[in-house]
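As structure tokens, the structure follows; a few thoughts come after it.
What follows draws every value from the coordinates through simple rules; no lab data is involved. Computed from a predicted structure; not experimentally measured. Positions of Cβ are generated from backbone atoms using ideal geometry, with glycine treated the same way; all protein chains shown enter the neighbour counts.
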Amino acid sequence: MSSCNSGVDRQSAAPEALLRLLVEGQREQAMFVLDADGHVATWNAGAELMSGYTAEEALGRHISLFYPPEDVAAGEPERPLAAAAETGRVEDEGWRVRRDGSRFWAGVVTTALRDASGRLVGYGKVARDLSQRRFVQEALHEGPERFRLLVQSVKDYAIFMLDREGRVASWNEGAEAIKGYAAEQIVGESFRVFYPPEDLAWDKPATELEVAAREGRFEDEGWRVRRDGSRFWASVTIAAIRNEEGELLGFGKVTRDLTERRALQERALLDARRAAEAEAANRAKGEFLAALSHELRTPLNAIGGYVDLMALGIRGPVTEEQAADLARVRRSQQHLLGIINDLLNFSRIEAGQVRYSLETVQLAQVFDDVRPLVEPLALNKAIEIEWRICDEGAAAHADAPKVEQILINLLTNAVKFTDPGGGITVSARMDEGRAVLMVEDTGIGIEPDRLADIFEPFVQVGRSLASAHEGTGLGLAISRDLARAMGGDLVVESSLAEGSTFTLLLPRAETAAEA
Ligand code: ADP
């Protein structure tokens, strides 16, 4: 029966051989024998596992091989041997060195081996690797202390213990910093002193401990009182502490001072509310202005109408002097109407009342529509306007009347700020996927440091109030608002005495393929 042939022949094996097999195969412990001089005479599997040395490497080597150099220098390897020789058996613990140089904490029993005549023939050694146990012991020994020191030195959190009745049992630096009590002033006192009167009135402190005891934990944010009576906004966690039997020992309490954070949050909230109020006020102002300008226009139009009736002589004959006066009234009426129209326009935009219907706008068409309106103005001042379509079919995705309104604004300005005999060029092209309308004049130009201001409402650059030209300073503000609302922009370049260039950028019209 070949399957039963392996292993030891139980019938013939001597007890010594069996014992030897047992020891050699033992993996949990290092078991080996030293000769009387301390050289390794036998080696087992456990010794190899623990030390990393094979039997061939270990046999014949002196026991000092396994000790750290400083222990060897201190005579350590011989000490347990001598002690064992004297008493028969010693137990000790200490560092040992593995073949790879790493150390482990060994628990070793050394036994003196004597022959029948009592002569010392060697030593038996049984060793166990206790590194793990030592580690745990160290952690237990040093851990709580280290932990205590850590808690002690934490400054941002008050960390302290309460006994079961809520008396302060420990105190850290953070608690002192936050609450203003030194440990000796507060330990032993009830934690009720940290609560404001309104919370004491309904016994909040006791309630908190009850909840913590019942549910294991209590969390809260609220006002607490410092030693000097001032209040701080606290975030509080109370945890019940129980022993292994479940008996309540007391409470751990962690408190954070969130006063600053709360103030920041409140400020942010206030800012947001103010911004919302400001926006609402702005909107209301816009709505009011829009309504007002609308109401002003009606009587003003009536004035214009009656002035015309009189000027035409329908109400009876008009003297030359009267005709001149009526013409002045008419001019003033139109000026006022212009201002009111601007105001109405601007306030409607600001109040978000303007609707945009975006479509494909052929820029050549815009030119055709605007041209008859501005050419007369230019002619009046002997200014020549050149209309240039650089890209055939240039088209924007925009609201055509708004584009025209912007272009009229830019061109009336160009005429207004260009001296007689000057020239203006209007061009349309496509650039980097955008439709571009440009109005270049050879006029007075704008001071570089005022360039950014001219788009602000009611700004008229470079003129004292007395010499202010006719206008409201709203034209460019309106134009840029409109341009941006359509997904475009309005920008300016200018040099004093050389002229200005206003560029209206608009999203290009969708191509047929995209549509
Ligand atoms: P308004 O023309 O009613 O004063 P705008 O908003 O249209 O208001 O223009 C604001 C100011 O920008 C003008 O008062 C003028 O100082 C300056 N400005 C506008 N266009 C030009 C231009 N083409 N050349 C020089 N200055 C200009």
Restricting the search to the stretch 195-229, which residues are more than 22 Å from Arg242 (Cα to Cα) and either assigned to a loop (DSSP other than H, G, I, E, B) or in contact with a Leu (Cβ under 6 Å, 6 or more places away or on another chain) (or both)?
Tyr195, Pro196, Trp202, Asp203, Arg226, Arg227, Asp228, Gly229
Check whether at least one residue in the stretch 424-442 is of a type in the set (Gly, Ala, Ser) and either within 11 Å of the ligand (Cβ to nearest atom) or under 26 Å from Leu344 (Cβ atoms) (or both), and report yes or no.
no
Only listed residue being within 39 Å of the chain's Cα centre (by Cα) and in a strand (DSSP E or B), chosen from Arg256, Arg273:
Arg256
Starting from residues that are surrounded by 14 or more Cβ atoms within 10 Å (Cβ to Cβ) and of a type in the set (Val, Ile, Thr), keep the ones in the stretch 289-322 and report whichever is farthest from Gln334 (Cα to Cα).
Val318
Name the helices (runs of 4 or more DSSP H) wholly within the stretch 26-76 that hold at least 3 residues that are surrounded by 14 or more Cβ atoms within 10 Å (Cβ to Cβ)?
45-51, 55-58
Kindly provide the set of residues from the stretch 384-399 that are outside any loop (DSSP other than H, G, I, E, B) and under 48 Å from the mean Cα position of the chain (by Cα), ordered by number.
Ala395, Ala396, His397, Ala398
If I filter the stretch 288-310 down to residues being of a type in the set (S, T, N, Q) and within 57 Å of the chain's Cα centre (by Cα), which single residue comes out as nearest to Arg348 (Cα to Cα)?
Ser293
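Which residue is surrounded by the most Cβ atoms within 10 Å (Cβ to Cβ), if the candidates are limited to the stretch 327-345 and must be among the aliphatic types (A, V, I, L, M) and more than 13 Å from Leu296 (Cβ to Cβ)? Full working, then the answer.
If we filter the stretch 327-345 for residues that are among the aliphatic types (A, V, I, L, M), which is where we start, we get 327, 329, 336-337, 339-340, 343-344.
Filter again for more than 13 Å from Leu296 (Cβ to Cβ), leaving 327, 329.
Working: Ala327: 12, Val329: 16.
If we take residues in the stretch 327-345 being among the aliphatic types (A, V, I, L, M) and more than 13 Å from Leu296 (Cβ to Cβ), then Val329 is surrounded by the most Cβ atoms within 10 Å (Cβ to Cβ).
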